[in-house]
1. Indicate the gyration tensor shape class of the stretch 1-40 (rounded, prolate or oblate), computed on the Cα atoms with a ≥ b ≥ c the square roots of the eigenvalues: a/c under 1.5 is rounded; otherwise a/b larger than b/c is prolate and the rest oblate.
2. Taking only protein heavy atoms into account and a 1.4 Å probe, give the accessible area per residue of the chain in Å².
3. Roughly how many Å is it from the Cα centre of the stretch 96-115 to that of the stretch 10-54, as a whole number?
4. Would any residue of the stretch 73-92 have its amide N under 14 Å from a label point 7 Å out along Cα→Cβ of Lys43? List them or say none.
5. Reachable lysines from Lys64, Cα under 19 Å, same-chain residues fewer than 8 places away excluded?
6. From Cα pairs below 8 angstrom and at least 6 apart in sequence, can you work out the relative contact order of the chain, rounded to a whole percent?
7. Give me the percent of the accessible area of the chain that comes from carbon and sulfur atoms, probe 1.4 Å, all protein chains in place.
8. Given the stretch 1-80, what whole percent of its Cα pairs are spread farther than 22 Å?
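The values are calculated or read from the model by the stated rules, or taken from the named source; none is laboratory data. Model, not experiment: these values are computed from the prediction. FYI the Cβ positions are ideal-geometry reconstructions off the backbone, even for glycines, and counts take in every protein chain you see. Heads up: the accessible areas ignore ligands, DNA and RNA and are worked out on the full protein's heavy atoms, side chains in. Shrake-Rupley method; radii C 1.70, N 1.55, O 1.52, S 1.80 Å.
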Amino acid sequence: QVQLVESGGGLVQPGGSLRLSCAASGSIFSIYALDWYRQAPGKQRELVAAITPSGSTHYAESVKGRFTISRDYAKNTVYLQMNSLKPEDTAVYYCYAEINHQEYWGQGTQVTVSS
């Protein structure tokens, strides 16, 4: 059984920073996608950032230049460094992974940006 466990969410003031982590555990033979999504109240879930096995990254336009996705292959962990946070970044952030040719979602972690 594969699990994704997220951590690092919380309350931060505008302009602040947070670092999210998502660790995959279990019987892992291959990991393809490791992505971060978010869902704000009343809105659809959207892709925030993605990283491929080769290290190529993709970002939503709204977070380019502020967020950085990275991956620790040895720890099967993906990170999302979020800087210059804005109130509109407030959402539940979800980790998504394609592991052993199956899709998995984390439980979600709340990020609230407010003064």
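1. Prolate.
2. About 54 Å² of surface per residue is accessible.
3. 5 Å
4. Residues passing the 14 Å test: 85-92.
5. Output for Lys64: Lys86.
6. 37 percent
7. 48 percent
8. Here the tail beyond 22 Å accounts for 27 percent of pairs.
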